[in-house]
Structure formats: C-alpha cells, structure tokens
Amino acid sequence: MLSYPYKHFLLVLLLCIGVGSPASASLDEDYLRENAALWAEAIYALYAAEEFAAVYSHMAPEIQKMVTEEVYVQHQENHFRRHRLRISDVTAQKVIPDPKLPPTLQEPLAAGDYDGVVSVSMEYAASFLVLGLRHTETLNKDVFFAWKRRDGDSVRWYLLWDPSSLEEDAPDGEG
C-alpha cells in the first residue's frame, strides 16, 4: 500500500488528467465500478488534506449553483477546526450503480444531464476532539457521484455533495 503522501499525489494526478478510458468501446459496469472507487478515494484524499476548494471544483454544477465555493470552503474549514478533525486510511468499500438518492439530491440531479449515478461506500478513520479528549473511530459514509461520457470512452465524474449538511452543522440550528 502506498504511503499517504504518495497516494495523495497519485490521486491528485488522476483528478488532473481524468480517469482513463476502458480498453473496450463500451463503458461496462466493472469499468464504472473500478473508476468510481478510484474517483471517490481521490476526492477523499483532497478532503483529508483539507483541499476544500479542489473538492468543490469537482462538484456537480447544479450543486455549485446552490452553494458557493466560499460558503463550502468556510463550512469545511470551520468543521475541521472546531473538531480538530483528521481523516486517514480512506478506502472505497462498495460501489452501487443507480442508487436511491436522498431527497435533497434528487432535484439537483434531475436538473443535470448525466449518464448515470453511483453510490460509493467509503470507510475511513476519523480522529476528532470531544470534550477535549481525542477519539478515533472508523466511520462509513455513502458518497454519491454522477457521471457523464466525454469524447471517446472516458468518463467525467461529478461529486453530488448534499448541501443540507450546511444546515445540520450550523450552531443553534442557524442555516
């Protein structure tokens, strides 16, 4: 297994050049699953490195219309700072094509022109402070991505981040 800095570099490189094309002329399910897992790990590597503007740049345009980069970045910086959050050991566990989306993502997705959606079950270690004591837990989270064919057989992935988490994380219920 690659160490974190090298894995981070490799995953950022994948994001910059895009995920490669399959050998066959069609985008089969195995190809989509494998690349969705790589894409999810790359996004989480950026998130763990607190590269929130980079994460935002990979969000679906419909989500970006709902939440500005400034609001998203500030929200994540506050979240990491408040909990002194550290994320490590990120792995994609399971990819599910055409999952049932949370209601908060159904409308933005319907406004887009995508060829498909996947859910990726992510597992990671989260270290955070609770009442001044550091805790580390293994957490699981389902992350949603839309995909669209590009020229040829390559795929462009879009993070479907749920903007309702802004409200859930607001102090005193302020949104």
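By per-residue mean of other Cβ atoms within 10 Å, what is the highest-first order of 36-43, 157-164, 72-79?
Final packing ranking: 36-43, 157-164, 72-79.
Using r as the Cβ-Cβ distance of SER164 and THR138, and R0 as 41 Å, what FRET efficiency do you calculate, to the nearest 0.05?
So the FRET efficiency works out to roughly 0.95.
Convex hull volume of the Cα atoms in the range 53-154, per residue, in Å³?
Here the figure is 133 Å³ per residue.
Values quoted throughout were computed directly from the atomic coordinates according to the rules given, and no laboratory measurement underlies them. All values reported here derive from a predicted model rather than from experimental measurement. We place every Cβ from the backbone using ideal geometry, glycine too, and count neighbours over all the protein chains shown.
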